[in-house]
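Only the coordinates and a few stated rules stand behind these numbers; no lab work does. If you're wondering where the values come from, they're calculated on a predicted model, not measured in any experiment. Cβ atoms come from the backbone with ideal geometry, glycine included; neighbour counts cover every protein chain shown.
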Amino acid sequence: MTASNRRIRLGVVAVVAGILVVGVAVAAIAFAFGFSTVGASSLPRGTQTFAELDHTHVSGPVTYDRVPPAGGPHNPVQLNCGIYTQAVPNENAVHSLEHGSVWITYQPTLGADQVAALQQLITSNYVGTERYLILSPYSGLRSPIVASAWGAQLSVDLASDSRLADFIHHFAGGAQGGEPGAACTGGVGSPVG
């Protein structure tokens, strides 16, 4: 092999190695900045969005401007994500919303078949080990079922409404609360599923 051929071969290897390094760097940057499918789809029809700018930690009860709350001042300790059969503290649930969770609430009088369908929806859509989904009954809802994320809500009548799954896929594990990737475990509450 001549010196000229070696230089050409070495040049080709250097170019290929450079392309690989650039590809790995681009992938690492994309991963670091959260390029994912979370929030990539459009909002489900009927989703209401609003600014929730107050991220203050408080130690007492909060009077929220929405039922259920979808952001605002909250307890310093998040609610563990999962399924609850009893009402949960607003202030802890809102902290979980800040971490990117979706909170599905339902009227306590909702039929057992609808509650079972919601439980199935939740467990089949958990996001990683943190889950990022909460299900609980909630008195005083204006609709049978309300899905909440930080700064967004969707009201539906039936657990089978496909917009619930769309809402979950759009928001669960997302950055809408300002603390993406933060824990949804290690807080308060003992979910049953």
Once you put a point 7 Å from the Cα of Ser124 and another 7 Å from the Cα of Phe50, both along the Cβ direction, what distance in nm separates them? 3.2 nm
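Relative to the present Cα-Cα distance, how much length would full extension add between Thr2 and Ser42 at 0.36 nm per residue of separation?
Values: separation 40, 0.36 × 40 = 14.40 nm, distance 5.93 nm.
Stretched fully, the Thr2-Ser42 segment lengthens by 8.5 nm.
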